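Heads up: the structure comes next, in structure tokens.
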Amino acid sequence: MQKVLRKRVFRNLKKHFVRYFLLGVMITMGIFLVVTIVGSAETLTRGTEDIAEETNLEDGEFEVFTPLADKDIDIIRDMKIEVEEQFFFDYQLDDEADGTIRIFKLRDNINKIHCVSGSEPVKKNELVLEKRYAYEHDLKVGDSLTFAGVTYTISGIGVTSDYDGPLKEVSDTACNSKCFGLVFLTADAYEDFRNSGKAQKAETLLYTYKLGDGKNDTDLKDYLKEHELVSFLEREDNPRIFATKNDKVVDIEVGIIAGIILFILFGYVISVFVVHSIERESSIIGTLYSMGVTKKDLLRHYISLPIVVTFIAGLIGLLLAATGVMAPMIAESSYLYFSIPEFEFRVPAYLWIYSVVCPPVLTAIVNILVINSKLNRTALSLIRNEVKQKNGKKVKLKGKDFVRTFRIRQMLREMRSTIAVVLGMFLALLVFMIGVDCYILCSNIAKDYDADTKYEYMYTLKYPEETIPEDTESAYAYTCRKSTAGYSFDVVILGIDEDNKYFDVKPGKSRMNVVISSAFAEKFGLKKGEEFVVTDEEKEIKYAFSVKEITPFSTGFYIFMDIDEMRDMMGKSDDYYNVLFSDKKLDIDPNSVYSITSREDIVKGASVFTELMMPMIYVLSIASSIIFCVVMYLMMKVMIDRSAQNISLIKVFGYRRKEVKKLYLDGNFYVIAIGALIVLPLSKFLMNEMFPFMISNVACGLNIKAPVWFFAVTYAVILALYFVINKILVRRLDAFTPAEILKNRE
Amino acid sequence: MYVEVSNVKKSYGEGGSYVEVLKGVFVGVEQGEMCVIQGTSGSGKSTLLNCIGGLDDIDSGSCKIDGLEIAGLKKDALSDYRRDTLGFIFQFYNLVPNLTVRENIEVCRFLTKNPLDMDELLTTLGLKEHADKFPSQLSGGQQQRTAIARALIKNPKLLLCDEPTGALDSNTSRDILVLLETINKKYGTTMLIVTHNNSIKNMVHRVIYLKDGLISKEYTNSERIPARELEDL
């Protein structure tokens, strides 16, 4: 029997080609986007993992004030822990626009360089330049780079896994390769630079390590406690390492889940068509039942077309995506942000299965659930088509306004389609809100960073100057860690004087009650009066505080304290400080400087976010608009089709085109207008709740408040799209002639 | 008796809307007989047919078809009973609009292991030249013939017809009745025909009148008039 009915499947497909074509295109597009986005994320994730393996990525790193003695290194090695010196200098290039380069010597065994072009230097006047910095400054193999009076030839462009995310400081929010890059010199050239006296700052004494079997980070940390440890950073806590992979976790999760939600929505939309067919063919089904045809036979028949369409659509989407046609565009933002080689786009096996299984299976499940009850009726009830207009009959409507009553009845009759339209609008808006929240966050970051950074330079000092330089504000900064949603972030406790002109903060004389930055409060969900704990991982001490006040400060996770209270808490002398804020560049001993952060770097870094996210924001906005339009068009069309007989009938009565439109089409305006009023704020609210989890690995605040005009504009766009669809569907109303009612239904 | 209906009662609704449609009906039809059930609107004739067809369950009594008690049968068993034993013809043909005549018939052909020969059936029913047409390309009579062919293809032992000529003109009705007569003779199919049409009673073996849910009259025709000679159809 299925063989005969199969012929009907193809005829149905032909008859409703536009409907299934649009849905097929949507599913193809959905799979194409999911496979491209998730596939790109997987390609980057697996690619960076392979590179980490190939280049022998560190298990962690630590910085000390004085170099480890040979015997210390021997002891560590005896502990079956491989340790490698990876000292570096930060050097501000002559042209400020060129930013700072971090100068390393070539690595021996840990964090080896992976050259994407050229090769490692063999001569003293050669170097490998980090890929992102080279790109931003348009430098290629064979070009030259001059610093500290020496001109070097670029022998290779490369990446290292310990700078996957090329952050200058681990506490930085964003990478900015216009202002920061790495260079790798030969050991001799590095030695020459060290001895040249041209260094602007003290050498950073950083060691990287690889743990032997059965060893853990604590073993090493315990040993190093006796040394002057500046920092100890395990691989998992280092935001530079696997930055790409961590960034892509969200893409993978969101992509997969968004795809599933989308397929359920389309499955539901399809089920509306199927239910429409079943209701129209109710008496035929009843007749077939009366002859002994079973529900199972018909269920199989009715879901076969949706399954075939969704399967083929999914397969086409997969094959299109597998060509990698859009992968470079999707991955481009990552290649323009992270320091990684370009990987060949590959679709993992699970995505192949996902693409060909998810759309048909979800469609089948949704359809079986929805249409099962429709087919569950008795043969007699189907022959008599008894339950038609059940929804409308239940509701008693008062009032004499015929048009209003008619529209409500029509809406109740078409409740299933109405739900699908509102559900489609809701899901489309959810997708849209991902892009909106990204945009609002990025633009707020750019705006807030500019407004909140009042100093021009921040000098983090290794050794404080004997006297505080003129026109500067001194402060005491100490970095602790705090975790949220599985990610650990640097939190800076900043001791400041009450009259510090760069911070509008009055911490008060308390060690317990502190002022925190708004970014910190947003990220960790802290409110005034709440207590929280941060951890000093080097000393393994926890500090508990209470939020006295939240100050608008977006550029980092800060805890503001009175400097004297902080000195007291940390056991420092009454005049200790390690940070200087200034309006101008300071002339201080480079050896005493740990790092310099300029306002320009901060503001530039913030604007990078918006540039990076714009392509994704466009894709999401367009995709959500298409989803909304297609679902609205299909559902409104099915509502009209279901009323074909009635429309013809009222035309026979003498109703004019405008009146028919008023009765059968314009009532949807209220569905859209009222639906949008509900789902617009609801989708924003839900996305605001979900968004922090999507960017749980990003060290920034969560200012995602949207202005009122945004809601007004979005609402206006929704109504505008409705009117476009309405205009298109008027033609459909015209297609039903009064003669329709006279035709034999069969 | 091939069809044995004993003291069947059937009611609908509750409280104020309670209606007892069948109040204790007894019917017996021999194998191979053509039987007409007549009565006024609301007398219970369609309900009786639906109960015999297992489309409606009975409140009490017994309904045996070829010895099988169908009262109380579960859904699957009822489905099997209909599949193996019954053919149904309704006033409205209920053909699948986007299947051709042949395909509409084939839908039910697969319900049995021993279907009738498709071409022979198409010829018998005068549908041979219309086999590849869609229902919308057929006249009412041709559509009803297709519906009959669909019911007959699985070679049912019992054919239940609910107003088979109700939507047809006089000449077409006659054609359909001739056809039913031919089938009855050719395949020995037992037939129960519910109809308002008074002339049909003359062509069948047995006539049953229903009134207010009870059999008011029942008789067998000693002489039958061939369908093609029926008047006032």
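The values are calculated or read from the model by the stated rules, or taken from the named source; none is laboratory data. As the structure is a prediction and not an experimental result, all values here were calculated from the model. When we count neighbours, we look across all protein chains shown, and the Cβ atoms used for this are built from the backbone with ideal geometry, even at glycine.
When the residues of segment B:51-81 are filtered to those that are within 7 Å of chain A (Cβ to nearest Cβ) and surrounded by 24 or more Cβ atoms within 10 Å (Cβ to Cβ), the one that is farthest from the chain's Cα centre (by Cα) is B:Leu55.
Looking at A:Lys523, A:Lys542, just one residue is touching a residue at least 24 places away in the same chain (Cβ under 8 Å), not small (Gly, Ala, Ser) and not in a loop (DSSP other than H, G, I, E, B), and that residue is A:Lys523. Filtering A:Phe32, A:Phe62, A:Phe21 for residues that are out of contact with any Ser or Thr (no Cβ under 6 Å at 6 or more places or on another chain), surrounded by fewer than 19 Cβ atoms within 10 Å (Cβ to Cβ) and either within 14 Å of another protein chain (Cβ to nearest Cβ) or hydrophobic (A, V, I, L, M, F, W, C) (or both) leaves a single hit, A:Phe21.
Please state which one of A:Val309, A:Val272, A:Val254 is in the same structural domain as A:Arg8 (by TED's automatic domain parsing), crowded, with 19+ Cβ neighbours inside 10 Å, in contact with a Lys or Arg (Cβ under 6 Å, 6 or more places away or on another chain) and closer than 30 Å to A:Ile626 by Cβ.
Values: A:Val309 fails: in contact with a Lys or Arg (Cβ under 6 Å, 6 or more places away or on another chain); A:Val254 fails: in contact with a Lys or Arg (Cβ under 6 Å, 6 or more places away or on another chain).
Matching residue, one of A:Val309, A:Val272, A:Val254: A:Val272.
Determine whether A:Ser355 is more than 30 Å from A:Phe609 (Cβ to Cβ), over 29 Å from the mean Cα position of the chain (by Cα), in a helix (DSSP H, G or I) and small (Gly, Ala, Ser).
Numbers: more than 30 Å from A:Phe609 (Cβ to Cβ): yes; over 29 Å from the mean Cα position of the chain (by Cα): no; in a helix (DSSP H, G or I): yes; small (Gly, Ala, Ser): yes.
Answer is no for this residue.
Taking segment A:149-168 as the range and being in a loop (DSSP other than H, G, I, E, B) and surrounded by 17 or more Cβ atoms within 10 Å (Cβ to Cβ) as the test, the residues that pass are A:Thr160, A:Asp164, A:Gly165, A:Pro166, A:Leu167, A:Lys168.
Being surrounded by 13 or more Cβ atoms within 10 Å (Cβ to Cβ) and in a helix (DSSP H, G or I) is the filter here, so list the residues in segment A:1-11 that pass it. Of everything in segment A:1-11, those that are surrounded by 13 or more Cβ atoms within 10 Å (Cβ to Cβ) and in a helix (DSSP H, G or I) turn out to be A:Val4, A:Leu5, A:Arg6, A:Lys7, A:Arg8, A:Val9, A:Arg11.
Do the conditions hold for B:Asn171, that is, is it within 27 Å of B:Ser46 (Cα to Cα), within 14 Å of chain A (Cβ to nearest Cβ) and among the polar types (S, T, N, Q)? Explain how you work it out, then say what you get.
Working: within 27 Å of B:Ser46 (Cα to Cα): yes; within 14 Å of chain A (Cβ to nearest Cβ): no; among the polar types (S, T, N, Q): yes.
Spelling it out, it is not the case that B:Asn171 is within 27 Å of B:Ser46 (Cα to Cα), within 14 Å of chain A (Cβ to nearest Cβ) and among the polar types (S, T, N, Q).
The set of residues in segment B:136-147 being within 23 Å of A:Leu298 (Cα to Cα) and modelled with pLDDT of 90 or more consists of B:Gln143, B:Thr146, B:Ala147.
Got at least one residue in segment A:486-501 being at pLDDT below 85 and exposed (fewer than 15 other Cβ atoms within 10 Å of the Cβ)? Write out each step before concluding.
Kept after step one, since they are at pLDDT below 85, are these residues of segment A:486-501: A:486-488.
From what is left, the residues that are exposed (fewer than 15 other Cβ atoms within 10 Å of the Cβ) are A:486.
Looking through segment A:486-501, at least one residue is at pLDDT below 85 and exposed (fewer than 15 other Cβ atoms within 10 Å of the Cβ).
Considering A:Glu126, A:Glu136, the condition of being closer than 11 Å to A:Val183 by Cα and touching a Ser or Thr at 6+ places or on another chain (Cβ under 6 Å) is satisfied by A:Glu126 alone.
Given the criterion within 14 Å of chain B (Cβ to nearest Cβ), among the small types (Gly, Ala, Ser) and surrounded by fewer than 22 Cβ atoms within 10 Å (Cβ to Cβ), identify the matching residue among A:Ser333, A:Ser277, A:Ser304. Before you say what the answer is, go through the steps one by one.
Working: A:Ser333 fails: within 14 Å of chain B (Cβ to nearest Cβ); A:Ser304 fails: within 14 Å of chain B (Cβ to nearest Cβ).
Just a single option satisfies the conditions, and that option is A:Ser277.
Listed by first and then second residue, the pairs with beta-carbon distance under 7 Å, at least 6 apart or on different chains, first residue in segment B:202-217 and closer than 13 Å to B:Val21 by Cβ, second modelled with pLDDT under 90 and in a strand (DSSP E or B), form an empty list.
With the condition kept exactly as written, say whether any residue in segment A:52-65 is among the aliphatic types (A, V, I, L, M) and part of a loop (DSSP other than H, G, I, E, B). Before the answer, list the steps.
Going residue by residue through segment A:52-65, those that are among the aliphatic types (A, V, I, L, M) are A:52, A:57, A:64.
Keeping just the survivors that are part of a loop (DSSP other than H, G, I, E, B) gives A:57.
Within segment A:52-65, one or more residues are among the aliphatic types (A, V, I, L, M) and part of a loop (DSSP other than H, G, I, E, B).
The single condition from (1) at positive phi; (2) at pLDDT 90 or above that A:Ala519 fails is (1).
Counted as qualifying within segment A:177-294 are the strands (runs of 3 or more DSSP E) with 3 or more residues that are modelled with pLDDT under 90 and touching a strand residue (DSSP E or B) at 6+ places or on another chain (Cβ under 7 Å), namely A:229-234. The C-beta contact set for segment A:407-436 (first residue in contact (Cβ under 8 Å) with a residue 12 or more places away in the chain and assigned to a helix (DSSP H, G or I), second residue among the charged types (D, E, K, R) and surrounded by 19 or more Cβ atoms within 10 Å (Cβ to Cβ), distance under 6 angstrom, 6+ apart or interchain) comprises A:Met433/A:Lys684. Tallying residues that are of a type in the set (S, T, N, Q) and surrounded by fewer than 24 Cβ atoms within 10 Å (Cβ to Cβ) within segment B:144-172 yields 4. Does A:Glu53 qualify as being among the acidic types (Asp, Glu) and surrounded by fewer than 23 Cβ atoms within 10 Å (Cβ to Cβ)? Answer is yes for this residue.
Would it be correct to say that B:Lys45 is modelled with pLDDT of 90 or more and more than 8 Å from chain A (Cβ to nearest Cβ)?
Yes: the conditions hold for B:Lys45.
As for segment A:710-733, it holds no residue that is crowded, with 18+ Cβ neighbours inside 10 Å, not in a helix (DSSP H, G or I) and not small (Gly, Ala, Ser). Restricting attention to segment A:90-107, the residues that are in a loop (DSSP other than H, G, I, E, B) and at pLDDT 95 or above total 2. Within segment B:117-134, restricting attention to residues that are buried (at least 20 other Cβ atoms within 10 Å of the Cβ) and at pLDDT below 90, the residue that is farthest from the other protein chains (Cβ to nearest Cβ) is B:Thr124.
For segment A:374-405, the set of residues classified as at pLDDT below 80 and among the hydrophobic types (A, V, I, L, M, F, W, C) consists of A:Val387, A:Val395, A:Leu397, A:Phe402, A:Val403, listed by residue number.
Which residue pairs have Cβ atoms under 6 Å apart, sit 6 or more places apart or on different chains, and have a first residue in segment A:282-301 that is facing another protein chain (nearest Cβ under 9 Å) and within 14 Å of B:Ile89 (Cβ to Cβ) and a second that is among the β-branched types (Val, Ile, Thr) and buried (at least 24 other Cβ atoms within 10 Å of the Cβ)? Close Cβ pairs (under 6 Å, with a partner that is among the β-branched types (Val, Ile, Thr) and buried (at least 24 other Cβ atoms within 10 Å of the Cβ)) amount to A:Ser283/A:Ile383; A:Gly286/A:Ile383.
Only one entry of A:Tyr463, A:Tyr439 meets the criterion of being among the hydroxyl-bearing types (Ser, Thr, Tyr) and either modelled with pLDDT of 85 or more or crowded, with 16+ Cβ neighbours inside 10 Å (or both), and that entry is A:Tyr439.
Take B:Leu179 and tell me if it is crowded, with 17+ Cβ neighbours inside 10 Å, of a type outside the set (Asp, Glu) and part of a loop (DSSP other than H, G, I, E, B). So that I can check it myself, show each step before the final result.
Working: crowded, with 17+ Cβ neighbours inside 10 Å: yes; of a type outside the set (Asp, Glu): yes; part of a loop (DSSP other than H, G, I, E, B): no.
Judged against the criteria, B:Leu179 is not a match.
All conditions in (1) surrounded by 20 or more Cβ atoms within 10 Å (Cβ to Cβ); (2) within 14 Å of chain B (Cβ to nearest Cβ) hold for A:Lys14, with the sole exception of (1).
Here is a yes/no grid of residues against (1) without any contact (Cβ under 8 Å) to a residue 24 or more places away in the chain; (2) in a strand (DSSP E or B); (3) facing chain A (nearest Cβ under 8 Å):
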position: B:Arg83; (1), (2), (3): no, no, yes
position: B:Gly87; (1), (2), (3): no, yes, yes
position: B:Pro97; (1), (2), (3): no, no, yes
position: B:Glu103; (1), (2), (3): yes, no, yes
position: B:Cys108; (1), (2), (3): no, no, yes
position: B:Gln143; (1), (2), (3): no, no, yes
position: B:Pro156; (1), (2), (3): no, no, no
